[in-house]
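Input: a single structure, listed below in structure tokens.
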Amino acid sequence: AQSVTQLDSHVSVSEGTPVLLRCNYSSSYSPSLFWYVQHPNKGLQLLLKYTSAATLVKGINGFEAEFKKSETSFHLTKPSAHMSDAAEYFCVVSDSGGYNKLIFGAGTRLAVHP
Amino acid sequence: GAGVSQSPSNKVTEKGKDVELRCDPISGHTALYWYRQSLGQGLEFLIYFQGNSAPDKSGLPSDRFSAERTGGSVSTLTIQRTQQEDSAVYLCASSFGPGETQYFGPGTRLLVL
């Protein structure tokens, strides 16, 4: 069965410093992986997705993630945090059922301080 | 274009009452999904529709939960005899087809008193 583990429930950074949100996955086949962001009282928004085309995936708002099969990781990074990045971030893997049922990690709440 | 819409945005009900939650997917999207986001369980899959049929209902937590989709478009999630543990945000997503990127609606926040 597929699963994801987000290694940090909370991450706090200063504005202008790098962001690293960690995610490990478990999958018996080549997975599709996603990062979604949820701002307070807003819906889930897709940041980026990996579907085996390239291991380094660039997303919206300057975020990117690198798929590392040897480490079963898909960490999310951004070189310089902005106040507007404060939100909850979900690492997600798709189910192998062929219709892409999503399996969510527990989420990482990112706080950005001035 | 218009995104996924859900109604109501908030619903407060009394324990034991039935509730209906509605989802309007993006036009032309054949796949529709319901998820639930609660404090104790995180984000969890409930049910998947392809067209009007539901090949996967495995995430529905009990027989009090049911869903239907008509005309390959609007979907309704019904919870009968609501319990306090049903309190959560119910999210709907749609995709152009199975396996395509899912786009989420803003959710319905359900509070059962």
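What follows is calculated from the coordinates using simple rules that are stated; it is not laboratory data. Just so it is clear, the model here is predicted, and its values are computed rather than measured. Please note: Cβ atoms are built from the backbone with ideal geometry, for glycine as well, and neighbour counts cover all protein chains shown.
Rounded to whole numbers, the Karplus 3J(HN,Hα) couplings from phi for region A:21-27 are 10, 9, 8, 10, 10, 10, 7 Hz, using 6.51 cos²θ - 1.76 cosθ + 1.60 with θ = phi - 60°, and x at Gly and Pro. Beyond 22 Å, the tail of the calculated P(r) for the protein assembly as shown holds 52 percent of the Cα pairs.
The mean number of Cβ atoms from other chains found within 10 Å of a Cβ in peptide A:99-108 is 6, as a whole number. With the charge dipole of chain B set up from +1 on Lys and Arg Cβ and -1 on Asp and Glu Cβ about the Cα centre, the Cα lying farthest toward the positive end among the listed residues B:Gly107, B:Tyr33, B:Gln83 is that of B:Gln83.
Under a 5 Å amide H cut-off, with hydrogens placed 1.01 Å from N, A:Lys101 pairs with A:Asp95 among residues at least 5 apart or on other chains. Spacing of the modelled spin labels on A:Ser12 and B:Asp63, each 7 Å from Cα toward Cβ, amounts to 5.0 nm.
I need to check one value: relative contact order of chain A, counting alpha carbon pairs closer than 8 Å and at least 6 residues apart, in percent. Provide the component values of the computation, followed by the final result.
Values: 291 pairs, mean separation 42.1, N = 114.
Relative contact order comes out at 37 percent.
In a DSSP loop and with at most 12 other Cβ atoms within 10 Å, the GluC sites (Glu not before Pro) in region A:45-114 are A:Glu71. Just want to confirm a number: the relative contact order over region A:30-73, from Cα pairs under 8 angstrom separated by 6+ residues, in percent. This gives 28 percent for region A:30-73. Normalised by the number of residues in region A:1-43, the mean separation of alpha-carbon contacts (under 8 Å, six or more apart) gives a relative contact order of 45 percent.
Between B:Val74 and A:Ser70, the C-beta separation translates, for a Förster distance of 41 Å, into a calculated FRET efficiency of about 0.35. Between A:Ile60 and A:Ala111, the modelled label-to-label distance comes to 2.6 nm, taking each label 7 Å out from Cα in the direction of the beta carbon. Each Lys and Arg adds +1 at its Cβ and each Asp and Glu adds -1 at its Cβ; summed about the Cα centre, chain B shows a dipole of about 200 debye.
Summarising the label geometry, the points placed 7 Å from Cα in the beta-carbon direction at B:Leu39 and B:Glu100 lie 3.8 nm from one another.
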